[in-house]
């Protein structure tokens, strides 16, 4: 498991990086965190001719705020988002909830958010958030700058609309307002594997009713999915009707964390959503209409649809709980 | 205070351990193997020519190329062809009959029989260059249909070896049970269980470094049985065993999987000798996952009968074992399950049959537990089904049937003679430790609430076998003193993490009454210890410990004899105490061992020692709750009560019991090898696909022990270290079945992944009896 | 390419191919074989080392990426006089190793975060969850890290030369 030989350049400016990518090489790869790329190179499933290491490029390691959006540079590592304050408002909480599901700390010290989006693994947490929130991917080549909407960016497993001579310099997310609650729930078999399903949700509440809902699904199709059918179900739903009794995080995540109290989670009674609850209906819509799960070991499409339905419901409850605990102290329903 | 708890720690914690990959040998070449991406097929062409042009590649060969390798002026000149893989001769793991007509070439010649089988080998100046070469080798293989389950293999619609059945071995234990027994029984339960294939997954994969020098060959390998490796490699080369030295340096875990001579080892040794150059193969993780030996792999059908009081009447176990593509290493391994089918119960009639079936998978071989987890899972799951049928508490059903302490030695219907035990004591301790009654109350409370997460309690009583099989129950040990007064203990074992360096000197020191640090251990070097068997079957303490104790006692005896001769007194008048010899009568000052050795020369005792079989036992209990919407199993508690007889170092034994239990959790819930239609394992992302438990998955585990000394060895020790893999999987699966109250036990097959559990949760529940 | 790795305070001028991963450079070129390769795809964590104070997988970084960086490996844990690091003592005391192959990775991931544990005991879980051990079942490792965090005076770590008291 040793990489094949390649040439290597470590430019200091985006311009130099773009020049390197524009060369006439057969296979040029951008190295940022490298936590997927170098893995693939070990397996020799990727054998680049040239690796462009952008880690020395100035200015790409920043999170910038402008005009209601947050711009994440290509060198911002996953671990930055572990702090909910890294990004203002509900988006910061959403990122913080999501990022702990990405591998484990030594991977998060190297890997980057933009790298995950460039890699476009169907199970990627960041990709699901990107489609849910209509993120914009900013790419640069010798021809100039291009902006690609997330919905147009992901074309299939590890396939994107980025051209080989383009480099992603940043991804822009819209900031979420104070009346938005967020949730992120992931289901996987052990701590160390890809998500079987992950769901990101952001719901905006006005006068006790959901006025906007955004749901992103990871590993529910050959690319990240925005669950528009599920979102439609939610518009106008009354959140006071939601039984948003928060699950223990472990139960929500489908995680296998042992519990400390001797009799486990005995008191989840009543936490199963009634089938006609809007969140349950949204879950069913996501599973049946939005998702297109492919077969994989231990998760055939039938089982995956079940998980999607359940996880969407749980994520929405988490989002409502998040809205309640953050929005109300700041002055009630806005 | 001692700086280090174990002697090994001083180097292993500071980066100064020496595993094979850490050894620096100038001019050493790295081997990389070109592996078939096809599970079953006919080799039409293997072309290594492009690989030979790659910079840094020293050579590249298919099997056919190797026979044309120029004869070089050295001792192996007569070796024309690459020798095939030798068969295991120990513990009836393989048989002459099974191997006859079925050659296992070290590099596939005309046919591949499992995905990953090597079709060519490339040597490079380092591993990077060797892999560069391997990437340039091309081959053409015409695929044949692949069979990856015992049922498909046994159907013989696809033959792995032309003209021969895929059923390579049949065996039985116990006498057939007449139909009338089943007819007259008050309750009979039947079920089918799958014991899935597992990857042992030591953190260090397999390693071998072969250094030819002065007409001899030194082989460094992370290995459990250095003397076996020496013998089999020497035989392959046509050499006397003395010309091969095997050295086992630090070994990064083994769990049974590092005790054989593997195809790659034969190829590496052959090339080293042919080329007269050091060659090493450091297996990488992806290779290990595709071509290291697997464990388990049985499809079982059981029948268990009891009378109306719950007394067991008869038990029948039919095993279709998936032994992989070649019968050489483990075709007889499923007999361990058959011989242990009786379990800890007084069942009067037990009959077990084995069919070992060749399939297009890598070979099945002992993995921690090796046949006993399969026996325990089948019986203990059936006990729970029976308890429900009879309306008895599962603990009570077990109580009524456990072999009582006064019945030992106990001759089982399947041919074992259990040495000693107090099985009920282990069960009661497990029940008490987990708080059985309180959990049953909690379960009742939850069952009354339709939305509560279902909760189940699972038990597994087990008895296993340690030490080895007849013919392999011995080992060799020695105690020596040189003129500096240091005492050196020798034995045939080889540690892969079991703390021999600490525990064995402590035992010898205790036996001799000297300071622990005066004794040092030498093992894992066939030059320093000419004969030995190794570390397998949980035997280190039971067999090698007893052998060392025996050698130490003889050593003290010899020292007394020498002193007696020196002093001109009868030996009865010389006393050994704390490393000093005293004349009993005249009360004069004693003579220290060091002085004795200075006066009379080095003192060396080397002895062969034979142990009986040991039968460790215990009871494991698990509590699990199920998120039925997702199928997620959360183990809330796991209790393991093990009886390993007299233990040498309780902390070391507990450590192994804990780690073993975690591997048991792995089998129960996470680990398995899915295969595609083409017979290729679906594990392209390595350890992101084959999921061993991480710290996240570990429930609160409590390890307890009882102590019933074994009469089979003077130390009273039974085997330790495998118990968790034997007892825990059945306990966990029983807990899940209990939580879900499923009527059909066949629906729960390991690993209990969320999809499996979700489906089982929707299946019909049994009627409360 | 010519690079200089600063490992445990010592400079190693090396000429490496760009493809050489940090773990191989440490093991083969610097002769520091305490860093082990257990999977070479970033999962097991046996190769975890500190680069500029942060835990990384040495199999998923190229040596050329570490030109000029300060790398710390298990060989640099003990003090200059050979006094064992609190983690080394604690691992031994708690039987947190058996075969020892995964141990350097656990030691280094813990070493990189030891001083933060006092404020965040749950951090220990996240650290132990990051690597694979097949022998111990993890619990002794968790105990050892907790013990070392308790024994370890604050900010005693980071620099390879600042310890050994």
Does any residue of segment B:522-537 turn out to be within 14 Å of chain C (Cβ to nearest Cβ), touching a strand residue (DSSP E or B) at 6+ places or on another chain (Cβ under 8 Å), on the phi < 0 side of the Ramachandran plot and free of Cβ contacts under 8 Å to residues at least 60 places away in the same chain? no
Note on segment B:227-258: residues touching a helix residue (DSSP H, G or I) at 6+ places or on another chain (Cβ under 7 Å), more than 14 Å from every other protein chain (Cβ to nearest Cβ) and either more than 19 Å from residue B:216 (Cα to Cα) or in a loop (DSSP other than H, G, I, E, B) (or both) are B:240
Among the residues listed as B:416, B:372, the single one being in contact with a helix residue (DSSP H, G or I) (Cβ under 6 Å, 6 or more places away or on another chain), closer than 30 Å to residue B:715 by Cα, modelled with pLDDT of 95 or more and surrounded by fewer than 23 Cβ atoms within 10 Å (Cβ to Cβ): B:416
Restricting attention to segment A:231-250, does a residue exist that is outside the structural domain of residue A:119 (by TED's automatic domain parsing), touching a strand residue (DSSP E or B) at 6+ places or on another chain (Cβ under 6 Å), closer than 27 Å to residue A:300 by Cβ and modelled with pLDDT of 90 or more? yes
In segment B:447-460, how many residues are surrounded by fewer than 22 Cβ atoms within 10 Å (Cβ to Cβ) and either more than 10 Å from chain A (Cβ to nearest Cβ) or in a helix (DSSP H, G or I) (or both)? 3
So, in segment C:1-50, exactly how many residues are more than 9 Å from chain B (Cβ to nearest Cβ), outside any strand (DSSP E or B) and under 23 Å from residue C:98 (Cβ atoms)? 3
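Answer yes or no: is there a residue in segment B:651-661 that is in contact (Cβ under 8 Å) with a residue 60 or more places away in the chain, within 14 Å of chain A (Cβ to nearest Cβ), assigned to a helix (DSSP H, G or I) and surrounded by 24 or more Cβ atoms within 10 Å (Cβ to Cβ).
The answer is yes, given that some residue of segment B:651-661 is in contact (Cβ under 8 Å) with a residue 60 or more places away in the chain, within 14 Å of chain A (Cβ to nearest Cβ), assigned to a helix (DSSP H, G or I) and surrounded by 24 or more Cβ atoms within 10 Å (Cβ to Cβ).
For (1) within 14 Å of chain A (Cβ to nearest Cβ); (2) crowded, with 16+ Cβ neighbours inside 10 Å; (3) in a loop (DSSP other than H, G, I, E, B), each residue gets a yes or a no:
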site: B:88; (1), (2), (3): no, yes, yes
site: B:97; (1), (2), (3): no, no, no
site: B:104; (1), (2), (3): no, yes, yes
site: B:120; (1), (2), (3): no, yes, no
site: B:123; (1), (2), (3): no, yes, no
site: B:146; (1), (2), (3): no, yes, yes
site: B:151; (1), (2), (3): no, no, no
site: B:172; (1), (2), (3): no, no, no
Suppose we keep only residues that are surrounded by fewer than 21 Cβ atoms within 10 Å (Cβ to Cβ) and either modelled with pLDDT under 95 or within 10 Å of chain A (Cβ to nearest Cβ) (or both) within segment B:424-443. Which one would you say is nearest to the chain's Cα centre (by Cα)? B:435
Considering only segment C:92-113, state which residues are within 20 Å of residue B:651 (Cβ to Cβ), in contact with a strand residue (DSSP E or B) (Cβ under 7 Å, 6 or more places away or on another chain) and more than 7 Å from every other protein chain (Cβ to nearest Cβ). none
In this structure, is residue B:362 buried (at least 24 other Cβ atoms within 10 Å of the Cβ), part of a helix (DSSP H, G or I) and under 21 Å from the mean Cα position of the chain (by Cα)? no
Would segment A:313-323 turn up any residue that is at the interface with chain B (Cβ under 10 Å from one of its Cβ atoms) and assigned to a helix (DSSP H, G or I)? yes
Taking residue B:504 as the residue in question, decide whether it is in contact with a strand residue (DSSP E or B) (Cβ under 8 Å, 6 or more places away or on another chain), under 19 Å from residue B:605 (Cα atoms) and in a strand (DSSP E or B). no
Please specify each residue of segment B:400-434 satisfying the condition of being farther than 24 Å from residue B:701 by Cα and in a loop (DSSP other than H, G, I, E, B). B:403, B:404, B:408, B:409, B:412, B:413, B:414, B:415, B:416, B:419, B:420
Residue B:13 - would you say it is surrounded by 15 or more Cβ atoms within 10 Å (Cβ to Cβ) and in the same structural domain as residue B:287 (by TED's automatic domain parsing)? yes
Which condition number does residue B:64 fail, the rest of (1) under 16 Å from residue B:111 (Cα atoms); (2) in contact with a helix residue (DSSP H, G or I) (Cβ under 7 Å, 6 or more places away or on another chain); (3) at pLDDT below 95 being met? (2)
Quick one: is residue B:479 more than 13 Å from every other protein chain (Cβ to nearest Cβ) and within 24 Å of residue B:665 (Cα to Cα)? no
With the structure loaded, tell me whether residue B:482 is surrounded by fewer than 21 Cβ atoms within 10 Å (Cβ to Cβ), touching a strand residue (DSSP E or B) at 6+ places or on another chain (Cβ under 9 Å) and either assigned by TED's automatic domain parsing to the domain that holds residue B:534 or within 30 Å of residue B:762 (Cα to Cα) (or both) or whether it fails that test. yes
The lone exception for residue B:676 - which of (1) more than 10 Å from every other protein chain (Cβ to nearest Cβ); (2) surrounded by fewer than 24 Cβ atoms within 10 Å (Cβ to Cβ); (3) at pLDDT below 95 it fails: (1)
Go through segment A:11-27 and count every residue that is surrounded by fewer than 21 Cβ atoms within 10 Å (Cβ to Cβ) and in contact with a helix residue (DSSP H, G or I) (Cβ under 7 Å, 6 or more places away or on another chain). 2
Check segment B:131-140 and report whether any residue there is farther than 21 Å from residue B:56 by Cβ and more than 14 Å from chain A (Cβ to nearest Cβ). yes
Answer with yes or no whether residue B:189 is in contact with a helix residue (DSSP H, G or I) (Cβ under 9 Å, 6 or more places away or on another chain), buried (at least 17 other Cβ atoms within 10 Å of the Cβ), touching a residue at least 40 places away in the same chain (Cβ under 8 Å) and not assigned by TED's automatic domain parsing to the domain that holds residue B:280. yes
Flag for residue B:210 being without any contact (Cβ under 8 Å) to a residue 40 or more places away in the chain and in contact with a strand residue (DSSP E or B) (Cβ under 9 Å, 6 or more places away or on another chain): no
Under the condition of being touching a residue at least 12 places away in the same chain (Cβ under 8 Å), part of a loop (DSSP other than H, G, I, E, B) and more than 9 Å from chain C (Cβ to nearest Cβ), which residue from segment A:37-58 is farthest from the chain's Cα centre (by Cα)? A:49
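The values are calculated or read from the model by the stated rules, or taken from the named source; none is laboratory data. None of these values were measured; they are calculated from a predicted model. Note that we place each Cβ from the backbone using ideal geometry, even for glycine, and neighbour counts take in every protein chain shown.
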